[in-house]
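The values are calculated or read from the model by the stated rules, or taken from the named source; none is laboratory data. Since the model is a prediction, treat every value here as computed from it, not as a measurement. Cβ sites come from the backbone with ideal geometry, for glycine too, and all protein chains shown count toward neighbours. For accessibility, only protein heavy atoms count, side chains too; no ligands or nucleic acids. Shrake-Rupley method; radii C 1.70, N 1.55, O 1.52, S 1.80 Å.
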Amino acid sequence: MKLGVNIDHVAVLREARQVNDPDILQALYVACESGANQITIHLREDRRHIQDIDVKSIIAFSKVPVNLECSINRDILDIVSAIQPHRATLVPEKREEVTTEGGLDVINHADATLYAIEQLHDALIPVSLFVDPTIEAMEKSKELGAEMVELHTGLFSNLFAMLNSSLPHSNYTIKELQLPRYELSDRLEQAVQDIKNSAIHANKLGLEVAAGHGLNYHNVHEMMKIEEIVELNIGQSIIARSVFSGLSDAVKEMKRLTTRND
Ligand code: PXP
């Protein structure tokens, strides 16, 4: 399995202060040195985290392929075509969303998606489509000429968290999924089955299959069981975990610098 490490979340922290700390290129270096097979970044229209200059320097310095996520907005496509990442992943984008909430609607936005794919192909950039795990989306993605699909695992991840974590008791409970446990469990089984069926179908159509969104240290084993999935793109949980694997050293180092020996 290839691991694409999404380092957008490092830029989220940087942008909160608008200083170059944490340095995204240091995140790139550490991710590559630690075994990432790919770096995934998202150049959003609102430039909420990754900036144009980040994309250029990440592509220049990365030792592994860079998978650049972008919307089908024409200005963004012009930038992506000029920058030439190793691959572009087309994703839906809404200004008000906290994160990419669903897959690209390739059925209802087929013309715009086709235009985007053709523009990227003209720039010799292979294209992946971030889509919901449905058979229709797999067929349409193939018909539109994409090389790859990335299956949106958000519903699976949300259901898994509602069923297996303390999420239902937190401020951030997912209201739509406040179902009785047996129903959650049926829906989780269905969500896994949809991902599996879509992966098998896409694979038969000759599409490469990735998956991502909301995957973490607790739920990723479910995706590992699906042989047709060859790549996972994971961000939030890796960066969140790194806070706690690094916080102790960070505090100790500052404590050392702020300790007077006199
Ligand atoms: N794949 C795609 C296409 C995404 O848009 C995202 C989120 O930016 C991810 C993977 C990673 O999701 P997460 O940060 O939840 O691991």
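Couple of notes before you dig in:
- Boolean, residue 153 is touching a residue at least 24 places away in the same chain (Cβ under 8 Å) and surrounded by fewer than 20 Cβ atoms within 10 Å (Cβ to Cβ): no
- Residue that is farthest from residue 127 (Cα to Cα) [pool: residues in the stretch 206-218 that are within 10 Å of the ligand (Cβ to nearest atom) and among the hydrophobic types (A, V, I, L, M, F, W, C)]: 215
- In the stretch 174-189, the residues that are out of contact with any Leu (no Cβ under 7 Å at 6 or more places or on another chain), assigned to a helix (DSSP H, G or I) and either exposed (fewer than 13 other Cβ atoms within 10 Å of the Cβ) or at pLDDT below 95 (or both): 175, 176, 182, 183, 189
- Of all residues in the stretch 239-249 being open to solvent by 40 Å² or more (accessible area, probe 1.4 Å) and not hydroxyl-bearing (Ser, Thr, Tyr), the one that is farthest from the ligand (Cβ to nearest atom): 249
So that you can scan it fast, the table gives a plain yes or no per residue for (1) in contact with a Leu (Cβ under 9 Å, 6 or more places away or on another chain); (2) outside any helix (DSSP H, G or I); (3) closer than 24 Å to residue 107 by Cβ:
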position	(1), (2), (3)
146	yes, yes, yes
162	yes, no, no
191	yes, no, yes
194	yes, no, yes
200	no, no, yes
217	no, yes, no
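- Answer residue from the stretch 219-238, given it is within 12 Å of the ligand (Cβ to nearest atom) and in a loop (DSSP other than H, G, I, E, B) and is nearest to the chain's Cα centre (by Cα) among those: 235
- Matching helices (runs of 4 or more DSSP H) fully within the stretch 1-65 where at least 3 residues are touching a residue at least 60 places away in the same chain (Cβ under 8 Å): 8-17
- Yes/no for residue 192 being among the hydrophobic types (A, V, I, L, M, F, W, C), closer than 15 Å to residue 157 by Cβ and within 20 Å of the chain's Cα centre (by Cα): yes
- Residue match in the stretch 98-118 (condition: within 14 Å of the ligand (Cβ to nearest atom), without any contact (Cβ under 8 Å) to a residue 12 or more places away in the chain and within 21 Å of residue 40 (Cβ to Cβ)): yes
- Candidate set: the stretch 10-41, residues that are surrounded by 14 or more Cβ atoms within 10 Å (Cβ to Cβ) and closer than 16 Å to residue 232 by Cβ; chosen: the one nearest to the ligand (Cβ to nearest atom): 40
- Any hit, the stretch 45-54, residues being crowded, with 16+ Cβ neighbours inside 10 Å, away from the ligand (no atom under 11 Å from the Cβ) and within 16 Å of the chain's Cα centre (by Cα): no
- Count of the stretch 139-166 residues which are over 12 Å from residue 219 (Cβ atoms), hydrophobic (A, V, I, L, M, F, W, C) and more than 14 Å from the ligand (Cβ to nearest atom): 1
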